[in-house]
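Note sheet for the following structure.
The values are calculated or read from the model by the stated rules, or taken from the named source; none is laboratory data. Please read these numbers as outputs of a predicted model, since none were measured by experiment. Cβ atoms come from the backbone with ideal geometry, glycine included; neighbour counts cover every protein chain shown. To get the accessible areas, we keep the full protein, side chains included, count just its heavy atoms, and leave off ligands, DNA and RNA. Shrake-Rupley method; radii C 1.70, N 1.55, O 1.52, S 1.80 Å.
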Amino acid sequence: MSDKLILHGMQSPNVIKVILMLEECGLDYELRHTAVFNQAQFSPEFLKLNPLGKVPVLEDPRLGIPLAESGAILFWLAEREGKFLPTRQPQRAEVMQWLMVQMANYGPMLGQFTHFNIAPPDAAPYALARYGAIAEKLNRLLDDRLQTREWIAGGDYSIADMATQPWAYYVERHGFDPALYPALVEWRTRIAARPAVQRALARADEAFAQVADRTRKAASDEDLDKFFGRTERVPATDYSAVKRM
């Protein structure tokens with residue numbers, strides 16, 4: 001039986017952070033694109049891998065079951081390889097704490113802000129303001145923390161850094177001034193310069209970028225409504241911008 005790992009996903013921060021870990025560990029893996037804009041994640045075949053219908057999903061022969069949720073995947077790989085997660089306390093607990101900050105806050109809250117940025121302008125101004133304020137608060141939290149330490153959890157580079165770094169590019173995407181978060185920007189730039197990270201991004205671009213662009217363009221209005229969880233139809237003219245995201 002092959003020892004190659006298979007990662008199902010697309011070019012999103014939650015998938016990219018797993019690819020960073022795979023490259024940092026030097027593992028043999030295959031990337032398989034999941035056409036989420038065309039509802040491939042809800043196919044019977046995919047739901048056998050993850051009943052929640054979300055990417056990423058890792059298939060690892062050594063584990064023997066498909067594993068979903070990016071934080072759980074990072075934790076498994078760190079345990080499997082004995083890398084990027086301290087074995088001593090309290091260093092281990094601090095890495096896990098900041099991994100959970102990303103999983104419970106920095107990813108989901110930024111995702112909600114993205115959602116309401118592309119919702120109809122009059123759909124939920126309160127929600128847009130709320131999630132914008134939370135995004136700003138989280139960016140400030142990370143910038144303040146990184147002003148006094150090299151890595152998010154302190155100590156060495158860890159899965160907490162890998163989990164958070166792909167989301168840090170949403171600073172500009174959400175219209176914030178990166179100059180307001182110099183330590184956050186410097187930290188994400190240092191990570192981006194790592195050879196394993198550069199290899200990871202090249203692999204992701206090769207496996208996902210072109211096919212993802214085709215699937216976005218082919219997605220129907222109904223597909224996009226379902227993907228974004230919309231109950232109110234966005235005018236078709238606005239979908240053109242969504243398809244270029």
Within segment 94-117, restricting to residues that are buried (at least 16 other Cβ atoms within 10 Å of the Cβ) and at pLDDT below 90, the one that is nearest to Y169 (Cα to Cα) is H115
Conditions (1) open to solvent by less than 50 Å² (accessible area, probe 1.4 Å); (2) within 26 Å of L184 (Cβ to Cβ); (3) outside any helix (DSSP H, G or I); (4) not polar (S, T, N, Q); number of the one not met by L58
(2)
Can you run down the residue pairs with Cβ atoms below 7 Å, 6 or more apart or on separate chains, where the first is in segment 97-110 and free of Cβ contacts under 8 Å to residues at least 40 places away in the same chain and the partner is assigned to a helix (DSSP H, G or I) and of a type in the set (G, A, S)?
M109/A135
Residue in segment 124-145 that is nearest to the chain's Cα centre (by Cα), counting only those that are open to solvent by less than 50 Å² (accessible area, probe 1.4 Å) and among the small types (G, A, S)
A135
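Any chance you could count how many residues in segment 80-93 are open to solvent by less than 60 Å² (accessible area, probe 1.4 Å), of a type outside the set (D, E, K, R) and touching a residue at least 12 places away in the same chain (Cβ under 8 Å)? Even if it seems obvious, please write down each step before you answer.
Step one: list which residues in segment 80-93 are open to solvent by less than 60 Å² (accessible area, probe 1.4 Å), which gives 80-81, 84-86, 92-93.
From what is left, the residues that are of a type outside the set (D, E, K, R) are 84-86, 93.
Now narrow it down to the ones that are touching a residue at least 12 places away in the same chain (Cβ under 8 Å): 84-86.
Looking only at that region, the number is 3.
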Name every residue in segment 62-79 that is in a helix (DSSP H, G or I), surrounded by fewer than 17 Cβ atoms within 10 Å (Cβ to Cβ) and aliphatic (A, V, I, L, M), in order of residue number.
A72
Does T148 meet the test of being surrounded by fewer than 20 Cβ atoms within 10 Å (Cβ to Cβ) and among the polar types (S, T, N, Q)?
yes
Considering each of A183, A202, A179 in turn, give the residue that is closer than 30 Å to G82 by Cβ, in a helix (DSSP H, G or I), open to solvent by 40 Å² or more (accessible area, probe 1.4 Å) and at pLDDT 95 or above.
A202
Can you name the number of the only condition in (1) within 24 Å of W167 (Cβ to Cβ); (2) not in a loop (DSSP other than H, G, I, E, B) that E30 fails?
(1)
